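Written below as structure tokens is the structure these notes are about.
The values are calculated or read from the model by the stated rules, or taken from the named source; none is laboratory data. Keep in mind that what you see is a predicted model, and the values were worked out from it rather than measured. With ideal geometry, Cβ positions are generated from the backbone for all residues, glycine too; neighbour counts draw on all protein chains shown. Side chains included, ligands, DNA and RNA excluded: accessible areas come from the protein's heavy atoms. Shrake-Rupley method; radii C 1.70, N 1.55, O 1.52, S 1.80 Å.
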Amino acid sequence: MGFGNQGGRKAVSRFDKLIETVEAYQALAAENYDRIRTLAEEVRSGFCDYLGASDGVCVHLVPPVGEYKPKAHGDAAFSIPPRGFRLLGPIAFGLAVRVSRDTDWLRLVMRCRKIGDKFMIQIEDGSEYEFSLPLKDADPEPFYDHLYQHILLWFSDHIERYKVGDYGTREIGFDFADDINAAQA
């Protein structure tokens, strides 16, 4: 009596309900990934334009952790994969920024998450910025100003530490890459 077919309707198994729920979860994870990837691409190109390098080669999307080469890393630039089972949550990515006229690069790590209809980007120093998509509908200039000042301040701070003789401490900071050394690897 209370089991099986009730009233002529086919009962949905717990497994079917689980599969339906996970499919909805994965659809949202795909949407989250696509939107954050779009935002990251817009930040990369916008920040490069903001910097105004004469050769136009100044910012790449790179992995947020581990080794990287100063080049476009495509799917590997994000903390979750573009396909397969993905977790629904914040996504990290790195921006490699050229810091010399030659081939010296540093990596800024960013973490992006959705809050309502907005996206928050947290820079490694803890500052957060709110964006809507497409990015061109917002004013990203203050964000680019902050990124630029963040990089300048890091170098200026280390110059000052050297001048006063206090540069021996190791701290969490930027990861550097040299395009010549990377090409030989």
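Some notes on this structure:
- Remark: region 38-47, residue by residue, has Karplus-estimated 3J(HN,Hα) of 4, 4, 4, 4, 5, 5, 4, 5, x, 5 Hz, where x stands for each Gly or Pro and the curve is 6.51 cos²θ - 1.76 cosθ + 1.60 at θ = phi - 60°.
- For GluC sites (Glu not before Pro), the sites in region 44-138 that DSSP calls loop and that have at most 12 other Cβ atoms within 10 Å are 67.
- Residues whose amide H comes within less than 5 Å of that of residue 62, counting only those at least five positions distant or on another chain, are 94, 95, 96 (H built at 1.01 Å from N in the peptide plane).
- Cα gyration tensor shape of region 15-163, rounded if a/c is under 1.5, else prolate or oblate by comparing a/b with b/c: prolate
- Percentage relative contact order, region 15-163, counting C-alpha pairs under 8 Å, at least six apart: 17 percent
- Applying the Karplus relation 6.51 cos²θ - 1.76 cosθ + 1.60 with θ = phi - 60° to region 81-87 yields 3J(HN,Hα) values of x, x, 9, x, 6, 10, 7 Hz, where x marks Gly and Pro.
- For the pair residue 67 and residue 102 in one chain, pulling the backbone fully straight at 0.36 nm per residue adds 10.6 nm over the alpha carbon distance.
- Percent carbon-and-sulfur accessible area, region 15-163, ignoring ligands, DNA and RNA, probe 1.4 Å: 54 percent
- In a fully extended conformation the segment linking residue 139 and residue 159 would gain 4.0 nm over its present Cα-Cα distance, using 0.36 nm per residue.
- Checking every one of the chymotrypsin sites (Phe, Trp or Tyr not before Pro) in region 73-167 against DSSP loop status and a limit of 14 other Cβ atoms within 10 Å picks out 85, 167.
- In a DSSP loop and with at most 14 other Cβ atoms within 10 Å, the trypsin sites (Lys or Arg not before Pro) in region 1-101 are 10, 83, 101.
- Averaged per residue, region 15-163 has 55 square angstrom of accessible surface, using a 1.4 angstrom probe with ligands and nucleic acids left out.
- Spin-label model, residue 148 to residue 130: label points 7 Å out along the Cα-to-beta-carbon direction sit 2.5 nm apart.
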